[in-house]
Amino acid sequence: MAGHGGVRAAARTLLLILVCLLAAVSGLQIPLRYHAGMHTNSTPDRSRYRPGAEIAIDLGNTNSCVAGYGPGKMEETLFRFCIPSWVAFADDGTALVGEAAKNHADADPEAAIFGFKRMLGLRRNHEDEEGVVQRLIERVPYRIGAKNFVSPSVQVKAKDGAVRNLDVEEIASVVVAELKKMAEDHLGRKVGHAVVTAPQHFSDPSAWAAMDAGKIAGLDVVRTVSEPIAAAVAYGLRGKLREDGNALVLHVGGGTADASVVSLMDDALEILAHRNDPFLGGDDFDQRTVDYMVEVIKTAHGKDITEDRVALRNLSMACERAKKALSTQDHAQVSIESLLGGTDFSHSLSRQKFEELNEDLFNKIIALVERVMAEAELESKNEIDGIVLVGGSTMIPKIQRLVKDYFGGNELDMRVKPDEAVVLGAAALHVHSSENS
């Protein structure tokens, strides 16, 4: 890889010289800004806020987390909190968030909003972006509209019965505000500044929308941090990789899957290649199990529950619990009280059956890895020096085996809790940058 790294370094240097020459000739001032699509060593202006007053926010499709540093017994210690990325509006107009919003879905599914991160910054008058919105519409019970005929919006019924169209940023800000409050309760003081993580594939408008969500929640968002870069920082890859060394960061969450090849260039972590699937994750694995259980119920009890939204909701939660249990055991019980008109339901699900139900979806994850490896133009799989798994769905043993087999038995790095790695890395990266500015 030394040859590849030398060429890339020379290209970057030449590009920088050309940009500087153009700027000098035209008198143009070029602002440097960290965003979702690039990595830079630039640091925020320390004079803008006092040390230790920042937090890191990781807004996810399924769960969102906050992390930062606060007083400990001997020195500042790292804290983190996570909540479900759900927002709901009660009949009296009260906004519910996290577990409370998720539970409200039982009473009013159309009032519970989730999976909205995908829509941040999208434009409904662009064919590709509208395609993402349409796929989401097929998956969620709440109503999605268009504000000003362009930006996706969520239709919410107010207390007086009127329908309001809320920007996706406004919905996201409710989650961010709750995370901000949790951090403030832990620290015992107000927090005014934050960094926000963003997927590598986010366009500038999407990254700005994520920042706007923080601003609406009362935070001065200093910058965004690329999710795979944050994960790489959490695993200490900057200190582990050789110059021009590479690592695969595979992120499989509840709703989406991302694969990135991260490379160490000039002592900085950069994204060499990235691929994503906006609709591939734990929710899909749960749905396969739900569909199977619906057929089991139909065969065993002669009842079709596909039109019973409460029963389906309870079954979905039971299947999600079973999925998590199967990460550490060979069998799990899908059990629900009073599912069938007062009759309890219970069925044993084996890990083998769960893997059979989702075999094609698991293979899609490996196909994603294959595509990112091709895009990185690496000469062989041996040029991957480390494999990092991020996101709750990477706890599934079958996914781990498939990735390990793809790389010829190389060990996987999962020392950091998968669903906290991104926010922990963002906090570590930002604090490190701040302390050295």
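The values are calculated or read from the model by the stated rules, or taken from the named source; none is laboratory data. None of these values were measured; they are calculated from a predicted model. With ideal geometry, Cβ positions are generated from the backbone for all residues, glycine too; neighbour counts draw on all protein chains shown. Heads up: the accessible areas ignore ligands, DNA and RNA and are worked out on the full protein's heavy atoms, side chains in. Shrake-Rupley method; radii C 1.70, N 1.55, O 1.52, S 1.80 Å.
Projecting label points 7 angstrom from Cα along Cα→Cβ for residue 367 and residue 134 puts them 2.0 nm apart.
If you average the sequence gap of Cα pairs under 8 Å that are 6 or more apart and divide by the length of the range 282-357, what percent do you get for the contact order? Don't skip to the end; give the middle numbers.
Working: 80 pairs, mean separation 18.6, N = 76.
Answer for the range 282-357 is 25 percent.
For a modelled paramagnetic label at residue 76, 7 Å from Cα along Cα-to-Cβ, the residues of the range 166-199 in reach, with backbone nitrogen under 14 Å, are 187, 191-195. Considering only protein heavy atoms and a 1.4 Å probe, what is the carbon-and-sulfur percentage of the accessible area of the range 221-367? Within the range 221-367, the accessible surface is 44 percent carbon and sulfur. Of interest is the spacing of the C-alpha centroids, which for the range 366-437 and the range 270-340 amounts to 26 Å.
Hey, with R₀ at 45 Å, roughly what FRET efficiency would residue 313 and residue 240 work out to, going by the Cβ-Cβ distance, to 0.05?
Values: r = 44 Å, r/R0 = 0.97.
Taking R0 as 45 Å, the efficiency between residue 313 and residue 240 is 0.55.
Please work out the average accessible area per residue across the range 223-346, using the 1.4 Å probe convention, and give it in Å². Accessible area per residue: 40 Å². Between residue 95 and residue 148, the modelled labels are 2.0 nm apart [label points 7 Å from Cα along Cα→Cβ].
For residue 190 and residue 381, the difference between the fully extended length at 0.36 nm per residue and the C-alpha to C-alpha distance is 64.0 nm.
Here the accessible area of the range 54-218 is 49 percent carbon and sulfur, with a 1.4 angstrom probe and all protein chains present.
Could you work out how far the C-alpha centroid of the range 204-223 sits from that of the range 72-141, in angstrom? Spelled out, the Cα-based centre of one part sits 16 Å from the other.
With both bridge residues required to lie in the range 54-218, what share of the DSSP beta bridges run antiparallel, to the nearest 5%? If you can, show how the numbers build up before the last one.
Values: 27 of 31 bridges.
Within the range 54-218, antiparallel bridges account for around 85 percent of the total.
With the cut-off at 24 Å, tell me which of the pairs 117/215; 298/364; 102/180; 147/180; 324/404; 117/364 have Cα atoms farther apart than that.
Values: 117/215 16 Å; 298/364 30 Å; 102/180 19 Å; 147/180 27 Å; 324/404 20 Å; 117/364 22 Å.
Pairs exceeding the cut-off: 298/364; 147/180.
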